[in-house]
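The next block holds one structure in the form of structure tokens; read it before the comments.
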Amino acid sequence: MPLVIAVVGKGGVGKTTLSGMLIEHLCNQGKTSILAVDADANSNLNEVLGLEVSGSLGEIREGLDQKKFDMMQNSSNLEVSEMIFEEMDGAITRGKGYDLLVMGRSQGKGCYCYANEILRKQIQRLSASYSYILVDNAAGMEHISRGILPQIDIVIIVSDCSRRGVLSAGRIDRLVKEIGYAPSVMGLVVNLAPDGVLDTGTKEEVENQGLRLIGVVPQSDQVFAYDCDGIPLVSLPESSSVKTALNNIFSEVGL
């Protein structure tokens, strides 16, 4: 079984940036059998990585008529299911040392139930082919509560440096435990901290929530500038304060 890493947290806290940096960190160590999963309907992990995606599960799902999709869902015929899943492989983009599977969104109106189910089945189908699966989850707790992942070995909960962000992180921590996942490592990364320092109130809330703080990442004008200019964030120099902090965090969790 692969080592499964889930990056979770509320919206806008830097989950995708951390996920991209972790992919680069693993590749730099020669750990290149990686399936990176962008599980957000509003996908942009590829932009952090500087990779142009070839397609998404949402787009391919729209290309399947309902009869064909139902056949995949209900058929006991392995050959039929494999034929349809091979079409889904079009949502995988090959990077340097990793593959990126993009969920993407369905077109127009409608919920994401089918897209999420496809994502769950694809991860199960592909997992034996990789040593690492890293999932950049959508904002909130949906993918955790849906049981998209068959197992989780490492959970990195990302928060901004606000007290509300830490409260949200605490709810995710409790949900992971309630559902029955038993990660070997689960910890909190506080991002966007001025000068890389947490104020007293935020520290108190981390303790109140019973969270394991595994690192603090400073707010960075350089990250902001790269983002505004459309430069992949993995291109940040190794000396940058953000990369230094994140590499220390990854080492802290044994990656």
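The values are calculated or read from the model by the stated rules, or taken from the named source; none is laboratory data. Quantities reported herein were computed from a predicted structural model and do not represent experimental measurements. Here the Cβ is made from the backbone with ideal geometry for all residues, glycine too, and neighbour counts use every protein chain on show. Keep in mind that these areas ignore ligands, DNA and RNA; they rest on the heavy atoms of the full protein, side chains included. Shrake-Rupley method; radii C 1.70, N 1.55, O 1.52, S 1.80 Å.
Would you mind getting me the FRET efficiency between Asp199 and Asp89? Use the beta-carbon distance for r and R0 = 51 Å, nearest 0.05.
0.60
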- Query: Where nothing but the Cβ of Lys and Arg (+1) and of Asp and Glu (-1) is charged, how large is the charge dipole of the chain around its Cα centre, in debye to the nearest 20?
  - Reply: 560
- In the P(r) worked out for segment 211-254, what percent of Cα pairs fall beyond 18 Å? 32
- Query: In degrees between 0 and 90, to the nearest 10, how far off the longest principal axis of the chain does helix 241-252 point, with axes built from Cα atoms?
  - Reply: 70
- Task: Using DSSP to define loop residues, name the trypsin sites (Lys or Arg not before Pro) in segment 147-255 whose beta-carbon has at most 15 other beta-carbon atoms within 10 Å.
- Result: Arg212
- Task: Could you do me a favour and compute the accessible area per residue for the chain, 1.4 Å probe, result in Å²?
- Result: 46
- Most mobile of Asp173, Asp153, Asp221 in a GNM of the chain (Cα contacts under 10 Å): Asp221
- If one builds a Gaussian network model of the chain from Cα atoms under 10 Å apart, the most fluctuating residue listed among Leu57, Leu192, Leu35 is Leu192
- Those GluC sites (Glu not before Pro) from segment 186-255 that are DSSP loop and have at most 13 other Cβ neighbours within 10 Å turn out to be Glu238
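Where both partners of a DSSP beta bridge lie in the chain, what percent of those bridges are antiparallel, to the nearest 5?
Once the DSSP bridges in the chain are tallied, antiparallel ones form about 10 percent.
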- Query: In segment 205-247, what percent of the accessible surface is made up of carbon and sulfur (1.4 Å probe, ligands and nucleic acids excluded)?
  - Reply: 48
- Task: Per residue of segment 131-136, in order, report the coupling 6.51 cos²θ - 1.76 cosθ + 1.60 (Karplus, θ = phi - 60°) as ³J(HN,Hα) in whole Hz, putting x for Gly and Pro.
- Result: 8, 9, 10, 10, 10, 8
- So which of Lys15/Lys243; Lys10/Lys203; Lys31/Lys203; Lys31/Lys177; Lys10/Lys31 end up more than 24 Å apart by C-alpha? Lys31/Lys203; Lys31/Lys177; Lys10/Lys31
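When a/c is below 1.5 the answer is rounded, else prolate if a/b is larger than b/c, else oblate, so apply that to segment 125-255 with a ≥ b ≥ c taken from the square roots of the Cα gyration tensor eigenvalues.
Verdict is oblate for segment 125-255.
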